[in-house]
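A.B. asks: One structure is given below, represented as structure tokens, and several questions about it will come after.
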Amino acid sequence: MGSQVSKQVERRKAISTERKSLCDLQGSCGHEFPGSDYRPPDRKNWMSGLNPEKLRVNQIVWPGTHDSATNKIGFPFVSRPFAQCQSLSIYHQLVRGTRVLDIRVQEDRRVCHGILVTYSIDAVIKDIKKFLSETQSEIIILEIRTEFGHQDPADFDKYLEDQLGEFLIHQDDHVFGKTITELLPKRIICVWKPRKSPHPKPGSPLWSAGYLKDNWIDTDLPSTKFESNLKHLSEQPPVSSRKFFYRVENTVTPQADNPVLCVKPVTGRIHKYSRLFITQCVSRSCVDRLQIFSTDFIDEDFVDACVGLTHARIEGKA
């Protein structure tokens, strides 16, 4: 018992120290970067507002959400706080400016997060189609994976092609150098990551797992995650020469040996430092590698930061 109490005391000290470290870093460095003062006039149509004829895929800093379809997961006030990473529906995330979705599914095509389940993938597809019907030049990266510990849904690749076929941008390395206008009227880059089923082949309507990479670490320590993100990002090729998408997640994860297990207060330890992260990318000379930037509980300021840096790239300022 005494050792457990001592361990918890040390854990709380570590968390407090790391939070102070990020706070001090922000106090000394600020959070200004090229494009930081830019605000899109219409977040729902922010790609359209940046001139789709000039905006190339590899210039975009894509605002993403982590565990995107968890707004109604589990039971309210019971299991939901332990797995909910977003409070908005898929449609409202897209309206807010999200352009990368992270969807986890199980055998019966229901969305899940670990052992907790929520609505069917049909609800996700419906929300995406609604958003696409209301916009003209917005491109979405839709990552769908079979959740760890689950089996692949049967014939899921065929389901995705049947549901989204008219919108799907086919797997092709040339896409990274194309403008938004050159991709239209296609609107979705769909990355399908099965566990055992065959992976999408080159030229197919779906993209294989190797086209969306990250270096996720399982920690609830904010500065540890922040520095790990910077380290791994600095090791990537610049976006101008890269033929895959690389994601950085501005999140931390509840740990079983810590008394705070709800997602929101834990991920809140790093959530407000998204602009600081971009500032550090600039100061550490790896801002030319930043591409997909994802978060829990996405807000307007996070979207604006990503769009602002994208705007600066178009203007040749970043």
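The values are calculated or read from the model by the stated rules, or taken from the named source; none is laboratory data. Everything numeric in this text was worked out from a predicted model, so none of it was measured. Here the Cβ positions follow ideal geometry from the backbone for every residue, glycine too, while neighbour counts run over all protein chains shown. With ligands, DNA and RNA removed, areas are computed over all heavy atoms of the protein, side chains included. Shrake-Rupley method; radii C 1.70, N 1.55, O 1.52, S 1.80 Å.
A.B. asks: What's the local net charge at Ser120, with K and R +1, D and E -1, over the other residues with C-beta under 9 Å away?
C.D. replies: Every neighbour counted, the sum reads 0.
A.B. asks: Let me cross-check Thr279: its accessible surface, 1.4 Å probe, with only protein heavy atoms counted, in Å² to the nearest 10?
C.D. replies: Per-residue accessible area (Thr279): approximately 10 Å².
A.B. asks: So which GluC sites (Glu not before Pro) in the range 1-72 pass both tests, a DSSP loop state and at most 16 other Cβ atoms within 10 Å of the Cβ?
C.D. replies: Glu32, Glu53
A.B. asks: Give the long-range amide H neighbours of Val191: residues separated by 5 or more places, or on another chain, with amide H under 5 Å away, using H modelled in the peptide plane at 1.01 Å from N.
C.D. replies: Leu142, Glu143, Ile144, Trp207
A.B. asks: Using the Karplus curve 6.51 cos²θ - 1.76 cosθ + 1.60 with θ = phi - 60°, what ³J(HN,Hα) values do you get for each residue of the range 272-279, in whole Hz, with x for Gly and Pro?
C.D. replies: Listing the rounded values in order: 7, 9, 5, 5, 4, 4, 5, 4 Hz.
A.B. asks: What value, in deg cm²/dmol to 500, does the helix sum -39500 (n - 2.57) over DSSP H runs of n ≥ 4 give at 222 nm once divided by the residues of the chain?
C.D. replies: The helix-only estimate for the chain comes to -10500 deg cm²/dmol at 222 nm.
A.B. asks: Over the chain, what is the percentage of antiparallel beta bridges among all DSSP beta bridges, to the nearest 5?
C.D. replies: 15 percent
A.B. asks: Which whole-Hz couplings ³J(HN,Hα) result when phi for each residue of the range 142-156 is put into the Karplus expression 6.51 cos²θ - 1.76 cosθ + 1.60, θ = phi - 60°, listed in order with x for Gly and Pro?
C.D. replies: Per-residue couplings from phi come out as 10, 9, 10, 10, 6, 4, 4, x, 10, 8, 5, x, 5, 6, 6 Hz.
A.B. asks: Going by a ≥ b ≥ c, the root eigenvalues of the Cα gyration tensor, does the range 105-160 fall in the rounded group (a/c under 1.5), the prolate group (a/b larger than b/c) or the oblate group?
C.D. replies: Here the range 105-160 falls in the prolate category.
A.B. asks: So what's the gap between the Cα centers of the range 225-289 and the range 51-67, to the nearest angstrom?
C.D. replies: Result: 17 Å between the Cα centres.
A.B. asks: Over what distance in Å are the Cα centres of the range 101-136 and the range 177-195 separated?
C.D. replies: Centre-to-centre distance over Cα atoms comes out at 18 Å.
A.B. asks: Per-residue counts of other Cβ atoms within 10 Å, averaged by peptide: what ranking do you get for 151-159, 163-171, highest first?
C.D. replies: 163-171, 151-159
A.B. asks: Taking amide hydrogens as modeled 1.01 Å from N in the peptide plane, which residues meet the under 5 Å criterion relative to Cys85, leaving out close sequence neighbours?
C.D. replies: Answer set, sorted by chain and number: Thr70.
A.B. asks: Please identify every one of the chymotrypsin sites (Phe, Trp or Tyr not before Pro) in the range 50-101 that sits in a loop by DSSP and has no more than 14 other beta carbons within 10 Å of its own beta carbon.
C.D. replies: In loop regions of the range 50-101 (DSSP not H, G, I, E or B), the sparsely surrounded chymotrypsin sites (Phe, Trp or Tyr not before Pro) are Phe77.
A.B. asks: Follow-up. Between Lys20 and Phe82, how high is the FRET efficiency from 1/(1 + (r/R0)^6) when r is the Cβ-Cβ distance and R₀ = 22 Å? Nearest 0.05.
C.D. replies: 0.25
A.B. asks: Follow-up. For a test of the definition: using alpha carbon positions, the gyration tensor, and the 1.5 limit on a/c, classify the range 174-318 as rounded, prolate or oblate.
C.D. replies: Oblate shape, in that a/c is at least 1.5 and b/c is the bigger or equal ratio.
A.B. asks: Related question: Just the number, please: carbon plus sulfur as a percent of the accessible area of the chain, 1.4 Å probe, no ligands or DNA/RNA counted.
C.D. replies: That fraction is 53 percent.
A.B. asks: Please compute the net charge surrounding Gly177, taking Lys and Arg as +1 and Asp and Glu as -1 over other residues with Cβ under 10 Å from its Cβ.
C.D. replies: +1
A.B. asks: Now for a different question. Give Lys72/Lys126; Lys20/Lys272; Lys231/Lys272; Lys158/Lys243 a once-over and call out the pairs whose C-alpha atoms are over 18 Å from each other.
C.D. replies: Beyond 18 Å between Cα atoms: Lys231/Lys272; Lys158/Lys243.
A.B. asks: Right, next: Take each of the peptides 254-262, 201-209, 96-104, average the number of other beta-carbon atoms within 10 Å over its residues, and list them starting from the highest.
C.D. replies: 96-104, 201-209, 254-262
A.B. asks: Using only Cα atoms, what Kirkwood radius does the range 17-315 have, in angstroms?
C.D. replies: Evaluated over the range 17-315, this radius sits at 19.4 Å.
A.B. asks: Rounded to the nearest 0.05, what FRET efficiency is calculated for Arg242 and Cys29 with R0 set to 35 Å and r the Cβ-Cβ distance?
C.D. replies: Calculated value: 0.85.
A.B. asks: Using the Cα gyration tensor of the range 80-227, with a ≥ b ≥ c the square roots of its eigenvalues, what is the shape: rounded (a/c below 1.5), prolate (a/b larger than b/c) or oblate (neither)?
C.D. replies: In terms of gyration-tensor shape, rounded.
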